[in-house]
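Here's the structure, in structure tokens; my notes come after.
What follows is calculated from the coordinates using simple rules that are stated; it is not laboratory data. Here the structure is a predicted model, which means the values were calculated and not measured. Positions of Cβ are backbone-derived with ideal geometry, glycine not excepted, and every protein chain shown enters the neighbour counts.
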Amino acid sequence: MSLMLEKAPNQSLIHAALAAVVFGTLSHWWLKLWTSSLQEAQMEQAQEAAVKAAQEAAAAPKAPETK
């Protein structure tokens, strides 16, 4: 508290605003990084599921066609 009393109110306000901008920028960057990571993981899971389905379809015995 004593530090706040020694500083000018404008300087404290500037520091608080700067800290908020930095925090917001870092939060935005982290959220974009996390979102892109989740999207990549979903794409990988979809590709793996498609490969597995194709392998199962190829391995399944085919029924003879009847007329």
Sorted largest first, the C-alpha extents of the chain along its principal axes in whole angstrom are 94, 19, 12
The simple spin-label model distance between A46 and A20, using points 7 Å out along Cα→Cβ, in nm, is 3.9
With +1 on the Cβ of every Lys and Arg and -1 on the Cβ of every Asp and Glu, the dipole magnitude of the chain about its Cα centre, in debye rounded to the nearest 20, is 100
To the nearest 10 degrees, the tilt of helix 9-59 (Cα long axis) against the first principal axis of the alpha carbons of the chain is 10
